[in-house]
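Enquirer: Provided herewith is a single structure, encoded as C-alpha cells, for subsequent inquiry.
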Amino acid sequence: MTAVVRILLRRVALLVPLLLGIVLFVFLVMRFSDVDPASAFFQGANPTTRQLHDFRERNGLLDPLPVRYVHFVGDLLHGDLGTSALTRAPVVDQVTTALPLTLQLTFLGLGIAVVLALAGGVTAAVYRDRLPDQVIRVVSLVGVAAPGFWLALLMIQYLAVDRGWFPTGGYINPADSFTGWLKTMALPAFALSLPVAAQLTRIVRTSVVEELDKDYVRTAIGGGLPPRVVVGRNVLRNALVNPLTVLGLRVGYLLGGAVVIETIFSLPGMGKLMIDAVQNGDPAVVQGVVLTTATGFVVVNLVIDILYLLVNPRLRAA
C-alpha cells in the first residue's frame, strides 16, 4: 500500500468521528432550542394537551436524550431527515430540490474565485513592486474589506436596475435555457466569489513571490528556459500549496454566504429554504439544511486534502 493511499484512508477514517460530532452538536442545539417540535407541527391550529402529548410520545420526544440521539443517528443513516412541520413533506425531498442550486452557486463562485486569484496573484508576483502589482494589491485589499451582500446590492443597482444587463433575481434551470441560467447566476456568483478571490489573490502573490526568489528558478531561467515555462511548470505548482489550504476554509464561507446571496437574489436554494424555515418555525427543515451543509463542507475539505497531496510531494514523502 502506497503512502498516498494510507494517508487518504486515514483522512476518510477521521470523517466518521467528525461527522458524528457534527450530528451530536446539531442534535443538542435543536433539542435545547426554544422551538417545540410538537407546537410547530400543530402551528395554526389549537391542539389540546392530549394531542401534544400523543405527538411527543409517537415521535419519541419523551424518551431520554441518549435514546433519542441513537434513534436520530439511525434515521440519518436511512436517509431520513424528518418531516416538515409546515408542508408535512419529508425534509429530504425539500433538501434534494434546493441543494443542486446551492451547489451550482457555490462551485460557480469557487471557479470564478480561483480563476481571478490565479490571474491576479501570478500577475502581481511577476510584476512585483511595479504598477500592475500595486493596482492588484489595492483592488484585492478593497475586495477583502467589501462584504458579499453589499457587493450584491451594488451589482443589482448598477448592472440590473440601471442598465438592465442582468435580471434582479429569480432562477432559470440550465436545462430550459443555458443562457438564461448564466444571466441569473452571474451576479450572485460574482458577489459571492469576489471577497474570496481578493483574499486568495494576496496569498497566491505571496507564495509565487517566495518561489520566484528560490535558486532553482534563477538556475532554470539562467539555463535558457523561458520565464513563462518556469512559472507555469514549476513555480505555480509549488506555490499552490498554501492557497489550497486557505481554499478549503473559504469553501465554508461560500456555503455560508450562499444563504444571504440566495435571499437577496430570490434563488430557491438551501439558504432561502433555511431562512423560510426559521421564519415559519419549521425546526426539522432547519436541522436538515444545517446537517447537509456541514456534511458538504467536510466532504469538500476532504477533496481539498487530496489535491493538497497531489501538489505537495514532500507531504507524500513524509
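The values are calculated or read from the model by the stated rules, or taken from the named source; none is laboratory data. Small disclaimer: the values here were computed from a predicted structure and weren't measured. Neighbour counts are summed over all protein chains in view; Cβ atoms, including those assigned to glycine, are modelled from backbone coordinates with ideal geometry. For the accessible areas, the whole protein counts, side chains as well, though only heavy atoms, and no ligand, DNA or RNA atoms are used. Shrake-Rupley method; radii C 1.70, N 1.55, O 1.52, S 1.80 Å.
Enquirer: I'd like to verify something in the chain: which complete DSSP H helices, judged by Cα projection on the helix axis, reach 24 Å or more and average at least 1.0 on the Kyte-Doolittle scale?
Expert: Values: long enough: 3-31 (43 Å, 2.20); 91-126 (51 Å, 1.69); 178-212 (43 Å, 0.81); 241-264 (34 Å, 1.39); 283-311 (42 Å, 1.93).
Span-like helices in the chain: 3-31, 91-126, 241-264, 283-311.
Enquirer: At q = 0.15 Å⁻¹, what base-10 log of I(q)/I(0) does the Debye formula yield for the chain when every alpha carbon is treated as an equal point scatterer in vacuo?
Expert: Per q value, in the given order, log10 I(q)/I(0) is -1.23.
Enquirer: Of the heavy-atom accessible surface of the chain (probe 1.4 angstrom), what whole percent is carbon and sulfur? Don't skip to the answer; put the middle values down first.
Expert: Details: 11420 of 17310 Å².
Carbon and sulfur atoms account for 66 percent of the accessible area of the chain.
Enquirer: May I pose another question? Once Lys and Arg get +1 and Asp and Glu get -1 on their Cβ, which of F72, P90, P132 lies farthest toward the positive end of the dipole of the chain?
Expert: P132
Enquirer: Sticking with this one: Could you pull the accessible area for I306 with a 1.4 Å probe, rounded to 10 Å²?
Expert: 60
Enquirer: Right, something else. List the residues of the stretch 239-282 whose backbone N lies under 12 Å from a point placed 7 Å from the Cα of L65 along the Cα-to-Cβ direction.
Expert: The answer is none, because no backbone nitrogen lies closer than 12 Å to the label point.
Enquirer: Let me ask you something else. Could you please put Y69, Y158, Y253 in sequence from largest to smallest accessible area, using a 1.4 Å probe? If you can, show how the numbers build up before the last one.
Expert: Values: Y69 50, Y158 120, Y253 75 Å².
Final ranking, largest accessible area leading: Y158, Y253, Y69.
Enquirer: For T83, list long-range residues whose amide hydrogen, built 1.01 Å from N in the peptide plane, is under 5 Å from its own amide hydrogen.
Expert: Here V91 satisfy the definition.
Enquirer: Pairs of alpha-carbon atoms within less than 8 angstrom and 6+ residues apart define the contacts here; what relative contact order does the stretch 58-190 have, in percent?
Expert: On the way: 67 pairs, mean separation 21.0, N = 133.
Once normalised by length, the contact order is 16 percent.
Enquirer: Okay, moving on. Using a 10 angstrom cutoff on alpha carbons, build the Gaussian network for the chain and name the most mobile of M274, M30, M185.
Expert: For the chain, modelled as a Gaussian network with Cα springs under 10 Å, the answer is M30.
Enquirer: Return one whole number: the accessible area per residue of the chain in Å², for a 1.4 Å probe. Could the numbers behind the result be given before it?
Expert: Values: 17310 Å² over 318 residues.
About 54 Å² of surface per residue is accessible.
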